[in-house]
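Structure first, then comments.
The values are calculated or read from the model by the stated rules, or taken from the named source; none is laboratory data. Just so it is clear, the structure is predicted and the values come from calculations on it, not from any experiment. Positions of Cβ are backbone-derived with ideal geometry, glycine not excepted, and every protein chain shown enters the neighbour counts.
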């Protein structure tokens, strides 16, 4: 039995942040019913991050909404709203990620929902928090949040300008934070039967993501981070930290003693940097020497010298190389799921194991409204709609 079996989650959220939270709850056994807009559904159904169309919809939607049910409603129709309220009366968790004020207008804000179900755990995600500010009603979109929170000043080389991460990292982190808060309140509910309101903003999650670097900034006289000119991988770490091109590929190097590296790599020019402070104070100079030297040999050659000496280093793989590697295969990270119409696709599984069990599921993403009839019958909503 999975930890959240018999828990019911009603999920109004769209895009990535909220659905990533409900996905994690579904992986742990919860039943997740997506409330989707009549005729359109979750906007993520048509949010394409590539030109890949899977069974008529976006690959992003399929990746993040597997193992869920779809209940298609018109929230401007009072009968449909009554059916949703009936579901909420029986729910353990509700999730949404609309801008501030939207759920109040629809009648599904925390006060309204808790008045019909005092023990519900109500989770909401906003872009910039609910406090009054000029940002409050701006769109909570991942790239915008990366940009406005300083995150783009940490990636790329010093002369690159701001560089965004190639993932919707703030969405994913915010969803993870919401899931953590919901799980904490579910634990409290199990003890006291007390409901709760869990609020997470993308901005706060972006700040928390940078807790190490922001702490350094706050205690370093307000000195802004300085990326290295070449091979930057962390604005606050000195040489050799970075990714370097080799004769036939790339090599990642983490922290390490410069003269020790010089000896192992047979690079005489690095042997003179014996002062530990030089790793940062002269990092561009050292990295330039190291980058030039590593081009003279293959990645395999350098790994054969560094790994036996317990130097923190790694090959740099693309997905094709990664998935062919035994280190990936042994984890069994890929699962096949199937939609109601028989369409099958491969995706990743939940990364969590509980009691040694992989949390897999063969259920793919839902077609829009595919579960309406079943949900209406199971929860006796036909009577509600016709009353």
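Taken residue by residue, the stretch 113-129 has at least one member that is surrounded by fewer than 17 Cβ atoms within 10 Å (Cβ to Cβ) and not in a loop (DSSP other than H, G, I, E, B). For the stretch 208-232: of the residues being surrounded by 14 or more Cβ atoms within 10 Å (Cβ to Cβ) and within 17 Å of the chain's Cα centre (by Cα), which is farthest from residue 15 (Cα to Cα)? Filtering the stretch 208-232 for residues that are surrounded by 14 or more Cβ atoms within 10 Å (Cβ to Cβ) and within 17 Å of the chain's Cα centre (by Cα), the one farthest from residue 15 (Cα to Cα) comes out as 210. If the condition is being surrounded by fewer than 24 Cβ atoms within 10 Å (Cβ to Cβ), farther than 17 Å from residue 49 by Cβ and within 15 Å of the chain's Cα centre (by Cα), then the stretch 7-26 contributes only 24.
Of the residues screened, residue 320 is one that is out of contact with any strand residue (DSSP E or B) (no Cβ under 7 Å at 6 or more places or on another chain) and within 30 Å of residue 232 (Cα to Cα). The single residue among 279, 269 that is outside the structural domain of residue 88 (by TED's automatic domain parsing), under 35 Å from the mean Cα position of the chain (by Cα) and at pLDDT 95 or above turns out to be 279.
Results for (1) within 24 Å of the chain's Cα centre (by Cα); (2) assigned by TED's automatic domain parsing to the domain that holds residue 270; (3) under 17 Å from residue 248 (Cβ atoms), shown as yes or no for each residue.
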position: 309; (1), (2), (3): no, yes, no
position: 345; (1), (2), (3): yes, no, no
position: 356; (1), (2), (3): yes, no, no
position: 373; (1), (2), (3): no, no, no
position: 378; (1), (2), (3): no, no, no
position: 382; (1), (2), (3): no, no, no
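Listed by position, the helices (runs of 4 or more DSSP H) contained in the stretch 285-387 that have at least 3 residues being in contact (Cβ under 8 Å) with a residue 40 or more places away in the chain are 299-306, 372-378, 381-386. Selection over the stretch 233-251 of residues that are buried (at least 17 other Cβ atoms within 10 Å of the Cβ), in contact (Cβ under 8 Å) with a residue 24 or more places away in the chain and touching a strand residue (DSSP E or B) at 6+ places or on another chain (Cβ under 6 Å) gives a count of 3. Looking only at the stretch 161-178, decide whether some residue is free of Cβ contacts under 8 Å to residues at least 40 places away in the same chain, assigned to a helix (DSSP H, G or I) and farther than 26 Å from residue 102 by Cβ. Within the stretch 161-178 (the criterion being free of Cβ contacts under 8 Å to residues at least 40 places away in the same chain, assigned to a helix (DSSP H, G or I) and farther than 26 Å from residue 102 by Cβ), the answer is no, since none of the residues qualifies. Quick check on the stretch 188-196. Is at least one of its residues assigned by TED's automatic domain parsing to the domain that holds residue 100, at pLDDT 95 or above, in a loop (DSSP other than H, G, I, E, B) and under 29 Å from the mean Cα position of the chain (by Cα)? So far as the stretch 188-196 goes, yes, one or more of its residues are assigned by TED's automatic domain parsing to the domain that holds residue 100, at pLDDT 95 or above, in a loop (DSSP other than H, G, I, E, B) and under 29 Å from the mean Cα position of the chain (by Cα).
For the stretch 103-112, the set of residues classified as crowded, with 16+ Cβ neighbours inside 10 Å and more than 11 Å from residue 195 (Cα to Cα) consists of 103, 106, 108, 109, listed by residue number. Evaluation of residue 217 against the conditions (1) in contact with a helix residue (DSSP H, G or I) (Cβ under 8 Å, 6 or more places away or on another chain); (2) not in a loop (DSSP other than H, G, I, E, B); (3) not assigned by TED's automatic domain parsing to the domain that holds residue 302 shows that the sole unmet condition is (1).
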